[in-house]
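Read through the structure below, which is laid out as structure tokens, and then see the notes.
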Amino acid sequence: MPSPLSRPAALAVLLALALPAARAVAAESVAEPLLQPTKIVTDTPIATPAAAARVLAARRYASFWNNGDPALARAALAPDFIDRTLPAGRAQGVDGPLQASKTMRQAIPDLRCQIEQLIVAGDRATVHLRFRGHFTGRFGDTQGRGQTIDFIATDIYRIGRDRIDENWHIEDNLALLKQLGMLGDSR
């Protein structure tokens, strides 16, 4: 029969077990905390490791779109990430979203994103995002005049062990182009 641990030894064991979790929390709060979904729906309890990993990957990727931090994209996306709805001219893989974020932030420096809904089922996550900001930079040949930007996007992720392997996405580009003043009325 094993001997019971002394109080200092028991505390040391508890600290050793808690240290990885504490490091993860500290790493998350170094820059900005990860975005919290307004609404979340899962097919399994969120406390299960698989559901928690999928929620974390989706939150990291949305947080990347919120603040442009490339480390969040790299933490969320698998090294062999595939964009299944790749826009013309965008690089495949992790470099594609990194460049897209940079382009959007040059046009809309105060671009922010929020997760309006996050639905996790099986190995999929569907994320309904809302983007807001002001067009004060340049987008292609168009110079911003401070127009308000407010558009939505919906992404479907296939998430492997703990990272997004594939993404299918659709953005409300009609609203975005109108707000940028590149298509009709810029209201």
Would you mind classifying the range 33-179 by shape? Square roots of the alpha carbon gyration tensor eigenvalues, ordered a ≥ b ≥ c; an a/c under 1.5 is rounded, otherwise it is prolate if a/b is larger than b/c and oblate if not.
prolate
Percentage, to the nearest whole number, of Cα pairs in the range 63-114 over 17 Å apart:
34 percent
Quick calc, residue 114 & residue 168: beta-carbon distance into FRET formula, R0 22 Å, rounding 0.05, result 0.60
Just to be sure I understand: if I project the alpha-carbon convex hull of the range 112-162 onto a plane and average over all orientations, what area do I get in nm²?
4.7 nm²
Label residue 100 and residue 142 with points 7 Å out from Cα along Cα→Cβ: what is the distance between them in nm?
1.8 nm
Give me the extension gain from residue 71 to residue 154: residue separation times 0.36 nm, minus the current Cα-Cα distance, reported in nm with one decimal.
27.7 nm
Given the Cα-Cα distance of residue 123 and residue 46 and 0.36 nm per residue of separation, how much length would full extension add, in nm?
26.4 nm
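Just so you know, all these numbers are worked out from the coordinates, no wet-lab data involved. Being a predicted model, the structure only gives us computed values, none of them experimental. Positions of Cβ are generated from backbone atoms using ideal geometry, with glycine treated the same way; all protein chains shown enter the neighbour counts.
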